[in-house]
């Protein structure tokens, strides 16, 4: 696929985006419900297409984890359909007008939510992203360009074909959903330069992909490098509560970005809390790596190195550090954290307030598990991603994050003097 | 200045930003008022420094328009002080918490406004930007790195020195305000790569500067290329109102980005409206360039070429086009516009609603002059710039646009099941 073809595809998406921006909510909801039915009815096309990817993946020697992410089953297709139906039930942010204020001269100034326009999603492996991302982008009135990994090209193309048919059947432009029909990497670098057609790029995948996209894009990028989440157990915390929160944050699903990676403990709590916490972690086979002070209380554990403080283990491993006070805890988080999610467990009102105020990660919690850092858990509905950079969106991103606001001014003939 | 020095300066700003993020509102307001006094008291330092720039500019053969923008007078310094004082009176967006919602499990999820961190401003000529931008960035709890044009280096350095002293006097880190003390262009390209230190880049200047910054930055950029603003006069509009609005939009200050550049007239209004409008424009020496249909009514005017439709004249010149209906007006705006500001003059309720909904420029108005597209006029207070791209901010940008929101979650021991 040559550069001019990629450009053509993006221009078509831009044209379609103008139409999508003004589609009423009920038509968009019907569309998503029809798309869900189409996926379920299309098993006979989806599973064989996926089988081609699996065979090619085995030949290429993909790891079993990679192959697992790639595989589509009846259950997984049903989950994709559920996601489409769930997005159909979410409130549509487009058109909402807020904050009308009357100026001294009588003009009224408000802000109206509008779609961003064209959103490019660059992702790896999981074919469900094709329909999940399409659902969120279309519901919020955008067009979407999907560029999945080469290993999933047959699956993604088959899903895209089914979904595009439903756009057409609804009398909407099928170009609002573009699956880039090529696996060559140059297509990405070309896409990233089309700032006159594409309004936002969201990369989803490993750190390598995300860095590549950031370095090469002239289009705004919303990204999430990693989640190095901290839990700080304050002096005088309720230890039973702290234990429950820490176990949940580390053990419930260790392989995800909102799992705890470092535990910080106030020095006055260390002697009493660390032994009971270590016993609880031992029951769940969590390996602890501690600072010097931690190892004075828990001499049996491994010493943490400098690398451990910045590590995103995504595994049953936890770095543990004793801090002199909350200042040191906050300093540690700012130095080694990833701006993702941080938790304080405390009974102290003032410490809770200060932690909330001074820790500027995308999600900051008091007395709750970091595992709640998730669009669904937080009431945003399905999420398109998590942003750990501050522009436009910070934290879990829902439908509203795929929109922007324009100003609307209602006058009755006013002119400027 | 070598790359490592630029990096050092940005690292210092990042460290200072952490302090600034938590400075209470009254201390920030006092600081800005003190800075205003310092500028007024510092005339004896500012004017001679500016004189150096003026002499160098004359030697370099700068145009008289460039020299005019560069010059500092007592009046201009007083205006800079006024701007600092005005920003001190604006409400501080930092810390505001909105939208607390209780989830089924009892956790409360809200969003708190926080500063972006470190903001880089890259600008040309006008030395007042140094103090105006500093005021807005510091008030919103950010640190700021200012890289002005080489032609204003002595003025900017002198302003920076005075303002930094006030930070120090207030017990705040003077590194929160950095004036890049060099005129070499490589300093810009180095700054644009420091994504680990700088959160946002705002270029202010000509299209060349803005394109250079966009192409070379790995940091998010908020930009404004140009303002090609349209006024659409609908069939059945109040012609007296339309005339007032059009004269104001074109003539009141033609050299700015919110002045009207193209007038669109419904074909049913053309025969009656265009002659009276042409007569009114003639009184203000506005040159008209019309489409074929316009010239059937106004044969005396010049024919518009394809270039005229996309032109930002910034002068007493106006392109005029007759359109068959509102569809054609909207299509024309989408094809040739710059997403800045568009106006409809109409009596028709449905056309007003449709124009507001379907024209996705940053400011869309009914029955008012495009000259109101300005942060101050719209009630945002002083503006840091205007964004014509949709990410993060769209339209005039005030203090709130220099902040973002983090999620805050208040729990009482909840864990995820």
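The slack in the chain from residue B:285 to residue B:239, taken as 0.36 nm per residue of separation less the alpha-carbon distance, amounts to 14.5 nm. Assign one of three labels to the protein assembly as shown, namely rounded, prolate or oblate, based on the Cα gyration tensor with a ≥ b ≥ c the square roots of its eigenvalues; rounded applies when a/c is under 1.5, prolate when it is not and a/b is larger than b/c, and oblate otherwise. Cα axes put the protein assembly as shown in the oblate bin.
To the nearest ten degrees, helix A:3-20 and the longest principal axis of the Cα atoms of chain A are 90 degrees apart.
Counting only alpha carbon atoms, the long axis of helix B:326-336 and the longest principal axis of chain B meet at about 50°.
Quick one: Cα centre-to-centre distance for the stretch B:352-417 and the stretch A:34-108, in angstrom? Measuring centre to centre over Cα atoms gives 29 Å. Helical runs assigned H by DSSP (4 residues or longer) give the protein assembly as shown a calculated mean residue ellipticity at 222 nm of -13500 deg cm²/dmol, each run adding -39500 (n - 2.57) before division by the residue total. The modelled label-to-label distance between residue A:19 and residue A:412, using points 7 Å beyond Cα along the C-beta direction, is 4.0 nm.
Using the Cβ-Cβ distance between residue B:43 and residue B:11 with R0 set to 51 Å, the FRET efficiency from 1/(1 + (r/R0)^6) comes to roughly 0.90. Closest approach of a chain B beta carbon to the axis mapping chain B onto chain A (residue, whole Å): B:392, 2. Stretched out straight at 0.36 nm per residue, the stretch from residue A:68 to residue A:256 would grow longer than its current Cα-Cα span by 66.1 nm. Distances from residue B:19 to itself in the other copies, using label points 7 Å out along the Cα-Cβ axis, amount to 5.8 nm in increasing order. The mean sequence separation of alpha-carbon pairs under 8 Å and at least six residues apart, normalised by the residue count of the stretch A:229-377, gives a relative contact order of 33 percent. The calculated FRET efficiency for the pair residue B:51 and residue B:215, based on their C-beta separation and a Förster distance of 41 Å, comes to about 0.70.
Spin-label model, residue A:58 to residue B:86: label points 7 Å out along the Cα-to-beta-carbon direction sit 7.1 nm apart. In this simple spin-label model, placing a label point 7 Å from the Cα along the Cα-to-Cβ direction at both residue A:272 and residue B:196 gives a separation of 4.0 nm. Given R0 = 56 Å, the distance between the Cβ atoms of residue B:324 and residue A:79 translates into a calculated FRET efficiency of 0.70.
Bear in mind that the values in this text are calculations on the coordinates, not laboratory data. Keep in mind that this is a model prediction, so the values were computed, not measured. Heads up, the Cβs are rebuilt from the backbone with ideal geometry, glycines too, and the neighbour counts pull from every protein chain shown.
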